[in-house]
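Reviewing the structure listed below.
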Amino acid sequence: MHTDPALLDPETPDEGRIPFARLVGAIEAALIGAGASPRVAATLARNCAACERDGALSHGVFRIPGYLTSIRSGWADAAAVPVIDRVGAGFIRIDAANGFAQAALEAAADEIRGAVIEAGVAVVAVKDSHHFSALWPDVEGFAEDGLVAMTMVTGGAAVIPRGARAKVLGTNPFAFASPVAGRPPLVMDFATSSMSHGDLQLTAQAGLEVPAGTGTGAGGRDTRDPDEILTEGGLLPFGGHKGAALSMMIEILASGLTGGAFSYREDLVFAEYSEDGGTARTGQLLILIDPERGSDGGFAGRTAEFIGALRDAGLDRLPADHRYRTRDEAGVRGIPVTPAIRELLEAGR
């Protein structure tokens, strides 16, 4: 397993880099200054800094202005106390009370692990929640503890499937994590759209084009202009009708099952805050499985054997490989200071 990154922080990072712990502190201070409770601020700061540390820049400090906008406007309650209801041996419903999903899941951690111990599985349905980050941080820790974990979340409408006349789906990401004997967990996290909304925004800011098939613009025509996709059209699902079907499944599970708002309900997902760049108010589903319950054991070993076969076949990059390498480098040298980080640090002076 990887060492806690906070323990790897260099006292003096390379020039142009910042220790993980210092970045966490800067984010936490900004969130508290906007009105977040210390508990919620600590959770979100660790989450956001972890994304930045691992190279997921579209879900790192780049997201902080959106968090601050939602908190200051009152759209999201960053001091919310979630209501946790164990409705079955392995089924937990959480009303995030218009707070952030990561904080709600952390508050329910003991109840969730208790359900897994009792039932061997846990289905966690979160409603009335805001999730503005990558999903892999929500599942990686469970896999480190030997569990198989899956999660999915909806968001504001940003995707127009082929044949549709309007944006009806969110980017609707999905994450999966599995323990692997002798290695860090296998963790995958991807949007069911052709590109994440954050990456699309970063591409637009950089003045670059996106690959053909990423999205549509005015009149439904295909375009490589990210600004046009953002303002006049929408992203396409990845893989055509197959990606659209996966996205529909996530809408049903992460919104329909949980009681959160469907992505197309902009009046509920963003209300009057749709243009302020803030967070979406929807739902999230988390599923946990104890792979050793009732088995002959050795699940993580069999997974390791499978991954070994993939690498022997020539797959030299598997999900999370790049993220782990980036994390290890940041642990030794510090996290690269991007313009977004520099702006955060200057604002906190």
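The values are calculated or read from the model by the stated rules, or taken from the named source; none is laboratory data. Keep in mind it's a predicted model, so treat the numbers as computed, not measured. Note: ideal-geometry Cβ built from the backbone for every residue, glycine included; neighbour counts use all protein chains shown.
The table for this structure:
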| read-out | value |
| --- | --- |
| Search result, residues across segment 176-186 that are among the hydrophobic types (A, V, I, L, M, F, W, C), touching a residue at least 40 places away in the same chain (Cβ under 8 Å) and surrounded by fewer than 24 Cβ atoms within 10 Å (Cβ to Cβ) | Val180, Ala181, Leu186 |
| Within segment 146-264, helices (runs of 4 or more DSSP H) holding 2 or more residues that are among the small types (Gly, Ala, Ser) | 197-205, 241-250 |
| Which numbered condition Gly141 fails, given (1) within 16 Å of the chain's Cα centre (by Cα); (2) part of a strand (DSSP E or B) | (2) |
| Matching option when the condition is touching a Leu at 6+ places or on another chain (Cβ under 7 Å), within 27 Å of Thr338 (Cβ to Cβ), surrounded by 15 or more Cβ atoms within 10 Å (Cβ to Cβ) and in contact (Cβ under 8 Å) with a residue 60 or more places away in the chain, among Leu253, Leu235, Leu200, Leu288 | Leu235 |
| Matching residues, segment 211-248, being over 13 Å from Ser193 (Cα atoms) and of a type in the set (A, V, I, L, M) | Ala212, Ala218, Leu230 |
| Qualifying residues in segment 316-349 (those that are of a type in the set (Lys, Arg) and crowded, with 17+ Cβ neighbours inside 10 Å) - the one nearest to Ala191 (Cα to Cα) | Arg323 |
| Filter pass, Asp267 being outside any loop (DSSP other than H, G, I, E, B) and either at pLDDT 95 or above or on the phi > 0 side of the Ramachandran plot (or both) | no |
| Any hit, segment 167-174, residues being touching a residue at least 24 places away in the same chain (Cβ under 8 Å), in contact with a strand residue (DSSP E or B) (Cβ under 9 Å, 6 or more places away or on another chain) and closer than 23 Å to Ala300 by Cα | yes |
| Subset of segment 139-157 [within 30 Å of Glu232 (Cβ to Cβ) and out of contact with any helix residue (DSSP H, G or I) (no Cβ under 7 Å at 6 or more places or on another chain)] | Gly155 |
| Residues (without any contact (Cβ under 8 Å) to a residue 40 or more places away in the chain, part of a helix (DSSP H, G or I) and either more than 22 Å from Ala29 (Cα to Cα) or small (Gly, Ala, Ser) (or both)) located in segment 302-349 | Arg302, Glu305, Phe306, Gly308, Ala309, Leu310, Arg311, Asp312, Asp321, Arg325, Glu329 |
| Answer residue from segment 48-62, given it is closer than 16 Å to Thr279 by Cα and surrounded by 24 or more Cβ atoms within 10 Å (Cβ to Cβ) and is farthest from the chain's Cα centre (by Cα) among those | Val61 |
| Odd one out for Ala125, checked against (1) more than 16 Å from Leu286 (Cα to Cα); (2) under 18 Å from the mean Cα position of the chain (by Cα); (3) modelled with pLDDT of 95 or more | (1) |
| Residue in segment 98-106 that is surrounded by fewer than 21 Cβ atoms within 10 Å (Cβ to Cβ) and assigned to a strand (DSSP E or B) present | yes |
| For Ser295: the one exception among (1) without any contact (Cβ under 8 Å) to a residue 24 or more places away in the chain; (2) touching a helix residue (DSSP H, G or I) at 6+ places or on another chain (Cβ under 9 Å); (3) of a type in the set (S, T, N, Q) | (2) |
